[in-house]
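Okay, structure first, notes after.
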Amino acid sequence: MLDVENLAAGYGRVQVLWDVSLQVQRHEIVALIGPNGAGKTTLLRALSGIIPVAGGTVRLHGKPINGRSVEDIAYRGVTHVPEGRRLFAGLTVRENLLLGAWRRRDKNLEPVLELFPNLRGRLNQVAGSMSGGEQQMCAIARGLMSQPALMMIDELSLGLAPKVVEEIMQRLPDIAASGTAILVVEQDVDAALTVAERAYVLENGHITMDGQAASLLADPKIRMAYLGVA
Ligand code: ATP
């Protein structure tokens, strides 16, 4: 569904990504892991059109989308949940969710409230006053309101307690099953490789490994570099 071939991107003359190829299929959860500064956020920005693609091709449902605007790419079904959630902190949870439904005529909140029941009692609460975990749930729920084909989540676990990360991660398979594929960038490699089916390792702007998440989780190189265990 998402097919990235030999992508190059960066900031002005500073190239950050070289020759990046990756795929995400419908109903799939794919993790993107790698050290700080490897270019993970940059890759999500290039895929959602925030920064230009300098080389290679990005296809969604077989159609090239590189060179298109952020709005156009979003309209075609790519949602980006950015690092740090970026909710409208002064608006209520309901208002944040409704803003996520810009692409739809029916603005039914029920499916996302079933997915994240914690939000149900907080619809009239100002989003910025919720806990970090609730804010992340709200950010993901807002992204889902547009019924995207692909949701890209940057640093889901940022600043959250492990239990909360686990609680949110457990919702991802339901999201994927309902038709929104997920590309998740994650520092918490253990959590990411546990929930994902496949994963890519990005180092210094290059994809250095990829495969089934379970085999990467068992790989001694990954265990040493990202989990601190042999
Ligand atoms: P982290 O997990 O630390 O966020 P990352 O893998 O997401 O790391 P990026 O944030 O994509 O990495 O950064 C990749 C490189 O691009 C870094 O060297 C960073 O300094 C550089 N970079 C990021 N944003 C910009 C920008 N707006 N202008 C110039 N360089 C940038």
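Restricting to region 60-115, what's the tally of residues that are of a type outside the set (Phe, Trp, Tyr), at pLDDT below 90, out of contact with any strand residue (DSSP E or B) (no Cβ under 6 Å at 6 or more places or on another chain) and within 20 Å of Ala181 (Cα to Cα)?
Number of matching residues: 5.
Kindly list, by first and then second residue, each pair from a residue in region 25-38 that is free of Cβ contacts under 8 Å to residues at least 60 places away in the same chain to a residue that is surrounded by 24 or more Cβ atoms within 10 Å (Cβ to Cβ) and of a type in the set (Val, Ile, Thr), limited to pairs with Cβ atoms under 6 Å and residues at least 6 apart or on different chains.
From region 25-38, no pairs qualify.
Restricting attention to region 11-24, which residues are touching a strand residue (DSSP E or B) at 6+ places or on another chain (Cβ under 7 Å) and free of Cβ contacts under 8 Å to residues at least 60 places away in the same chain?
Gln23
Please indicate, with yes or no, whether at least one residue in region 78-97 is touching a residue at least 40 places away in the same chain (Cβ under 8 Å), surrounded by 17 or more Cβ atoms within 10 Å (Cβ to Cβ), touching a Gly at 6+ places or on another chain (Cβ under 6 Å) and not polar (S, T, N, Q).
Yes, region 78-97 contains a residue that is touching a residue at least 40 places away in the same chain (Cβ under 8 Å), surrounded by 17 or more Cβ atoms within 10 Å (Cβ to Cβ), touching a Gly at 6+ places or on another chain (Cβ under 6 Å) and not polar (S, T, N, Q).
Out of all the residues in region 48-61, is one or more in contact with a Gly (Cβ under 9 Å, 6 or more places away or on another chain), in contact (Cβ under 8 Å) with a residue 12 or more places away in the chain and among the small types (Gly, Ala, Ser)?
The answer is yes; a qualifying residue exists.
Which condition number in (1) closer than 28 Å to Leu32 by Cα; (2) surrounded by fewer than 13 Cβ atoms within 10 Å (Cβ to Cβ); (3) touching a residue at least 40 places away in the same chain (Cβ under 8 Å) is the one that Arg104 fails?
Arg104 satisfies every listed condition except (1).
The values are calculated or read from the model by the stated rules, or taken from the named source; none is laboratory data. Bear in mind that the values here come from a model prediction, so they are computed numbers and not experimental data. Every residue, glycine as well, gets a Cβ built from its backbone with ideal geometry; the counts of neighbours run over all protein chains shown.
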